[in-house]
1. Taking the range 220-245, which residues are aliphatic (A, V, I, L, M), at pLDDT below 75, surrounded by 10 or more Cβ atoms within 10 Å (Cβ to Cβ) and part of a helix (DSSP H, G or I)?
2. Filter the range 135-145 down to residues that are in a helix (DSSP H, G or I) and under 15 Å from residue 267 (Cβ atoms) and give me whichever is modelled with the lowest pLDDT.
3. For the range 328-335, does any single residue satisfy the condition of being surrounded by fewer than 17 Cβ atoms within 10 Å (Cβ to Cβ), assigned to a loop (DSSP other than H, G, I, E, B) and at pLDDT 80 or above?
4. Against the condition open to solvent by 80 Å² or more (accessible area, probe 1.4 Å) and either of a type in the set (D, E, K, R) or outside any helix (DSSP H, G or I) (or both), how does residue 248 come out, does it pass?
5. Determine which single condition residue 350 fails, assuming it passes every other condition in (1) assigned to a helix (DSSP H, G or I); (2) modelled with pLDDT under 85; (3) open to solvent by 70 Å² or more (accessible area, probe 1.4 Å); (4) more than 20 Å from residue 253 (Cβ to Cβ).
6. Does residue 315 satisfy being at pLDDT 85 or above and either touching an Asp or Glu at 6+ places or on another chain (Cβ under 8 Å) or among the aliphatic types (A, V, I, L, M) (or both)?
7. Taking the condition part of a helix (DSSP H, G or I), aliphatic (A, V, I, L, M), within 28 Å of residue 256 (Cα to Cα) and under 25 Å from the mean Cα position of the chain (by Cα), does residue 126 pass?
Amino acid sequence: MPIFKVKAYDLNGDLKSFRKEAVTEDELLRTLGFEGYVPISLQLEKNKDGKKETKPLKLEDQHMFCSMLSAFLLSGLSLTEVLRLLQRQTRDKRLQPIFSELRESVESGRSLAQSMKSQGVFQDFLIGMVESGERSSSLPDILEKASALLQSQITLRRKISSALTYPILMLVVGFFVVAFLIAYVVPQLTGIIVDSGETLPLATRILLAMSAVIKNAGLPTLLILFLAYLYMKRKGKRIRLPIFRDVRNLLTVSMLFSQLSTLIKTGVPLVQALEMSEPMDPVKGRVHFLAEEVRKGYRFSQSLERQGTFSEDIVAIVRIGEVGGNLPECLDRISANSWEFAQTSMQKWSSLAEPIIIMVLGVVVGFVVLAVLLPIFNLSDLAGI
C-alpha cells in the first residue's frame, strides 16, 4: 500500500509531520479529517530513483482489465460502476487496491488514462490507447482493440517460451556439466601428466587456466548474476537483445498503425489521431514530427517518407490508401503484416536456438575431450605404447 508523508495541524493547533498508509490520496484526506487533522501537505513517498514502488501488472491481468472493462461499458454501465464491480469481483489482493484507487481517482474528476498513469503498473501503449479512446468518445471500442493486442502479445510470448524451454534447459544443464568437468574432473586427469614433468599441449594449458578461473570466480559470478536478476525483476526491467530490435520495431509499428486506423474510423482527424497515438511510440518525437508535417499540408505518406524511420513498403501502402480513399483499411493491413512478420521472426529465432546451442555445446565438449586426450597420447608415445 502507498505511504504518504503528511504535514498537518492537530486539534491543539500543533504542526505534525508523520507517515501514513492509504490506498489513495482521497482516502487519506478522509481518514485525516476523521482523526481531527487539518492537512497542509501530502507527498507520496518514493524510492531512491524518485519513482513509486510499483511493479508492472502481468499481461494477463492487463488483458483481463481491458476485456472486462470493455464488456461492462458496452452493457451500459458507467465507468465508476464498472471499476467498483472489478474491485469486488477480483480475488487478487494486489488488484483490489489498484481498482479501488482507479475508481476513487475517476470519481474525483481525473480521466481514466491519468489515473492509470499515476499508478505506474500499466503499459505505456495501453495508457495511450485509453487516452485516445476518452478523447474520441470511443473508449469501449479502444479497450476491445487493446484487449486483442494484449492477447496477441500473450499468445506470442507463450509460443516463444514453449519453443525456447527445451533449448534453454539443455543449455543450462550442459553449462553445469561442462563447468563440473573443467573445474574438478580435468585437473584430476591432468595432474598425473603435470607430475611427470612433461610439457602440456596448448589446449590443455588453456583448459587448466579456465579450470582455475571457474574454481576461483565461479560461485561469486553466479551470485552476482542471481542478485542482478532479482534487482531487474523487482524494477520490472528486461534485457533487450539487439537481435530482437527488429521484432520490437515491428510490434510497435503494428500497434501504432492499428491505433491510427481505429481512431480514423471513429471520425478523428489524422493530425489529432497522431497526437493521441504519440504515447504508444517508444521513439520520442517521431509521431509528433508526423503530426506537424501533416499539419503543414504534407500527405501522410510524404510525412512518413520525410521522417525516415519507416520502411518503403509502409510508405507505399499508405500512399495507395490515400489515393484510393481507403486509408484506414491500408493502415490495418500494415498492422497485420507487421504483426505477422514479428511472429515469423520470433519463430525463426526460436527454431534456430536449439541447433545453435547443440553446436556450441559440441564444440566445447570436443575441446575439453581434445585437451584431455592430447597429453595422454603424448605419454603413450613416450612410453612406446
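The values are calculated or read from the model by the stated rules, or taken from the named source; none is laboratory data. Note that the structure is predicted; figures quoted are calculated from it, not measured. Positions of Cβ are backbone-derived with ideal geometry, glycine not excepted, and every protein chain shown enters the neighbour counts. Just the protein is used for accessible areas: all its heavy atoms, side chains included, with ligands, DNA and RNA removed. Shrake-Rupley method; radii C 1.70, N 1.55, O 1.52, S 1.80 Å.
1. First pass over the range 220-245, keeping only residues aliphatic (A, V, I, L, M): 222-225, 227-228, 230, 232, 239, 241, 243.
With the extra rule that they be at pLDDT below 75, the set shrinks to 232, 239, 241, 243.
Adding the requirement that they be surrounded by 10 or more Cβ atoms within 10 Å (Cβ to Cβ) leaves 232, 241.
If the condition is that a residue be aliphatic (A, V, I, L, M), at pLDDT below 75, surrounded by 10 or more Cβ atoms within 10 Å (Cβ to Cβ) and part of a helix (DSSP H, G or I), then 232 is the only one that fits.
2. Applying the first criterion (in a helix (DSSP H, G or I)) to the range 135-145 yields 135, 139-145.
Pick out the ones that are also under 15 Å from residue 267 (Cβ atoms) and you get 135, 139, 141-142.
Values: 135: 73, 139: 81, 141: 81, 142: 80.
Only one residue tops the list, namely 135.
3. So far as the range 328-335 goes, no, none of its residues is surrounded by fewer than 17 Cβ atoms within 10 Å (Cβ to Cβ), assigned to a loop (DSSP other than H, G, I, E, B) and at pLDDT 80 or above.
4. Numbers: open to solvent by 80 Å² or more (accessible area, probe 1.4 Å): no; either of a type in the set (D, E, K, R) or outside any helix (DSSP H, G or I) (or both): yes.
Spelling it out, it is not the case that residue 248 is open to solvent by 80 Å² or more (accessible area, probe 1.4 Å) and either of a type in the set (D, E, K, R) or outside any helix (DSSP H, G or I) (or both).
5. Answer for residue 350: the failing condition is (3).
6. Details: at pLDDT 85 or above: yes; either touching an Asp or Glu at 6+ places or on another chain (Cβ under 8 Å) or among the aliphatic types (A, V, I, L, M) (or both): yes.
Criteria met by residue 315.
7. Taking the combined requirement at face value, the residue satisfies it.
Conditions tested, residue by residue: (1) modelled with pLDDT of 75 or more; (2) touching a Cys at 6+ places or on another chain (Cβ under 6 Å); (3) at positive phi; (4) of a type outside the set (Gly, Ala, Ser).
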residue: 147; (1), (2), (3), (4): yes, yes, no, no
residue: 151; (1), (2), (3), (4): yes, no, no, yes
residue: 156; (1), (2), (3), (4): no, no, no, yes
residue: 160; (1), (2), (3), (4): no, no, no, yes
residue: 167; (1), (2), (3), (4): no, no, no, yes
residue: 173; (1), (2), (3), (4): yes, no, no, yes
residue: 176; (1), (2), (3), (4): yes, no, no, yes
residue: 181; (1), (2), (3), (4): no, no, no, yes
